[in-house]
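Working notes, structure below.
The values are calculated or read from the model by the stated rules, or taken from the named source; none is laboratory data. If you're wondering where the values come from, they're calculated on a predicted model, not measured in any experiment. In this analysis, Cβ positions are derived from the backbone assuming ideal geometry, glycine residues included, and neighbour counts consider all displayed protein chains. Note: areas computed on protein heavy atoms with side chains; ligands, DNA, RNA excluded. Shrake-Rupley method; radii C 1.70, N 1.55, O 1.52, S 1.80 Å.
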Amino acid sequence: MSERFAAEVGGTRLVLLRGDITTQDVDAIVNAANPELTPGGGVSGAIHRAGGPALTRAAAQIRRERGPLPTGEAVITPSGKLRARWVIHTVGPVWRGGRHREADLLARAYRSSLALAVAHLLRSIAFPSISTGVYGYPVEEAAPVALRAVRGFLRAHPQALDEVRFVLFSAGDLAAYRQAWEGLPAEAPDP
Ligand code: ADP
């Protein structure tokens, strides 16, 4: 299977690719953050390492001002040393078996991030696979939720963005997102 796949939704390019989110040349990358906005491990640790102390300080200041970030919400900070100028921090749900509003909260994390990007007049954004690492959300279940949420947002906000990129860390994750995209019902209303 190819390492890159692209589609078009409402005038926005939707790209699925295998790669490292910390090196993406987009306006904003999204961090799968914890509510405390501390570096932690996984993709968040990698983003904070690459962004350096200025990014970690900016996140800590938002935490002091606003308290812990609720699941499904998003905040934006400058990125420090990253190629992308902005980091949008959002908190995905911890997987607790699937009957605790996980899908709704995951969709909200994607929508909140996109809304923040548009509000800041950004044109391109890259997402990791939110919640499917330490938070335990099975990637085969998360991928269709993520893609439907993004597709719904892009349909509702035509041309608001030039590109939305999913940067998947493993070939297996990319395959899961690719398969989920092919399997999305064309006309189903998106949440
Ligand atoms: P969560 O706590 O939301 O589950 P994790 O960071 O544990 O977040 O994992 C989310 C996803 O990010 C996982 O699929 C993990 O493999 C992936 N990931 C880790 N490092 C990177 C990176 N540098 N770029 C893109 N994805 C990454």
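Residues that are within 22 Å of residue 96 (Cα to Cα), aliphatic (A, V, I, L, M) and within 11 Å of the ligand (Cβ to nearest atom) within segment 147-173 are absent altogether.
Restricting segment 42-56 to residues that are near the ligand (Cβ under 9 Å from one of its atoms) and touching a helix residue (DSSP H, G or I) at 6+ places or on another chain (Cβ under 7 Å) leaves a set whose member that is nearest to residue 77 (Cα to Cα) is 47. Right, residue 94: among the aliphatic types (A, V, I, L, M), within 15 Å of the ligand (Cβ to nearest atom) and at pLDDT 95 or above or not? For residue 94, the condition - among the aliphatic types (A, V, I, L, M), within 15 Å of the ligand (Cβ to nearest atom) and at pLDDT 95 or above - is met. For segment 116-141, residues that are over 15 Å from residue 21 (Cβ atoms) and either within 9 Å of the ligand (Cβ to nearest atom) or within 11 Å of the chain's Cα centre (by Cα) (or both) total 5. Mind listing just one residue for me: the one in segment 9-31 that is within 10 Å of the ligand (Cβ to nearest atom), open to solvent by 30 Å² or more (accessible area, probe 1.4 Å) and not basic (Lys, Arg) and, of those, farthest from the chain's Cα centre (by Cα)? Top of the filtered list is 23. Quick check, is residue 152 outside any helix (DSSP H, G or I) and either touching a residue at least 24 places away in the same chain (Cβ under 8 Å) or in contact with a Gly (Cβ under 7 Å, 6 or more places away or on another chain) (or both)? When the stated conditions are applied, residue 152 does not pass them.
Remark: pairs (first residue in segment 23-43, of a type in the set (S, T, N, Q); second residue near the ligand (Cβ under 8 Å from one of its atoms) and open to solvent by 20 Å² or more (accessible area, probe 1.4 Å); Cβ separation under 7 Å; 6+ apart in sequence or on different chains) = 31/43; 34/40.
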